[in-house]
Amino acid sequence: MTESDIDVHLIPDTLTDLEQWICWQAVERDGKVTKVPIKPYHTNGTPNASATDPATWRDLETALAFHESDRVRTDGLGFVFAPEPPIVGVDLDDCRDPDTDELDSWARDIVERLDSYTEVSPSGRGIHVLLEGELPPGRNRLGAVEMYDEARFFTVTTDHLEDTPRTVERRQDALLGVHYEYVQTPPDEEASASDLEGATEGSAEADVDVSGADSKSSAEPQSETETDDADSDVMAIGSDSGLYARYGLDYPNIEDPGLEAALHGLSPSALP
């Protein structure tokens, strides 16, 4: 990536105002290219940044200046997710034809439903969506869909996807629906995406506080492409859910499985 590839004017103000920027470097490991986080400043120690150590992050201007300098080879800029503010990154892998710009139907469905700032990944074959919201407890990746809100970073290319917003929007209801349909293991009685969207409609306006939910992952990742065991962080709907913590097994019967799934994702303090 060269200097001309990054247009800082296309980066939403929500991101430019935060000191959560690093650089990254493409490194081949075991025949696979991975993106290594690099400190966006000169140091006599290790050049590697950490997605869990804010001391290794800087503001956008500093990170861009370091990327454009010749002190250390870097291949681009990265934005690190932190608990605050609540920004979520949705990574869709291998879903775009770089020759035609066409998205696979499932990826187009996610992009349209989340309706927030979206750009093409460095490979040209993936998509990154950035939005405001809170991920529910449980797994955060399944197949080609990954969702992160802390301890990870996204490459930022400013290769904005046409017909998507140029701003980071709050889409809590849509995020819950997409997470349930594409990531979370469904209960025995499956709910359709429309069921869940109807159940969660208006959740953003209701300003529900879900900050008490447990963290999705405690492992420190080394790069954007590093993956964890997808089954290690699965939280089954049941004994660890908000409904069980509040009412035990004696809570009113919920006929709509979409509504049940949405309520299970809330912390006990957020329940009516």
query = Is it true that TRP24 is in a helix (DSSP H, G or I), open to solvent by 10 Å² or more (accessible area, probe 1.4 Å), in contact (Cβ under 8 Å) with a residue 60 or more places away in the chain and aromatic (Phe, Trp, Tyr)?
reply = no
request  = Tell me which of these THR34 doesn't satisfy, since it passes every other one: (1) within 18 Å of ASP5 (Cα to Cα); (2) over 17 Å from the mean Cα position of the chain (by Cα); (3) in a strand (DSSP E or B).
outcome  = (1)
key: Residue list for segment 40-54, filter: surrounded by fewer than 15 Cβ atoms within 10 Å (Cβ to Cβ), within 15 Å of THR74 (Cβ to Cβ) and touching a residue at least 12 places away in the same chain (Cβ under 8 Å)   = HIS42
remark   = Checking HIS9, HIS67 in turn, the sole residue that is part of a helix (DSSP H, G or I) and open to solvent by 50 Å² or more (accessible area, probe 1.4 Å) turns out to be HIS9
query = Name the pairs: first residue in segment 100-121 and more than 19 Å from LEU175 (Cα to Cα), second residue at pLDDT 95 or above and open to solvent by 70 Å² or more (accessible area, probe 1.4 Å), Cβ to Cβ under 7 Å, at least 6 apart or on different chains?
reply = VAL120/ASP159
key: Entirely in segment 76-180, the strands (runs of 3 or more DSSP E) that have 1 or more residues that are over 12 Å from the mean Cα position of the chain (by Cα) and surrounded by 16 or more Cβ atoms within 10 Å (Cβ to Cβ)   = 76-80, 118-120, 153-156
request  = Return the only residue of ASP70, ASP17, ASP94, ASP7 being at positive phi and out of contact with any helix residue (DSSP H, G or I) (no Cβ under 7 Å at 6 or more places or on another chain).
outcome  = ASP94
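The values are calculated or read from the model by the stated rules, or taken from the named source; none is laboratory data. The shown structure was predicted, so the numbers you read here are calculated from the model rather than taken from an experiment. Methodologically, a virtual Cβ is constructed for each residue, glycine included, from the backbone with ideal geometry; neighbour enumeration extends over all protein chains shown. Accessible surface areas use protein heavy atoms only, side chains included; no ligands, DNA or RNA. Shrake-Rupley method; radii C 1.70, N 1.55, O 1.52, S 1.80 Å.
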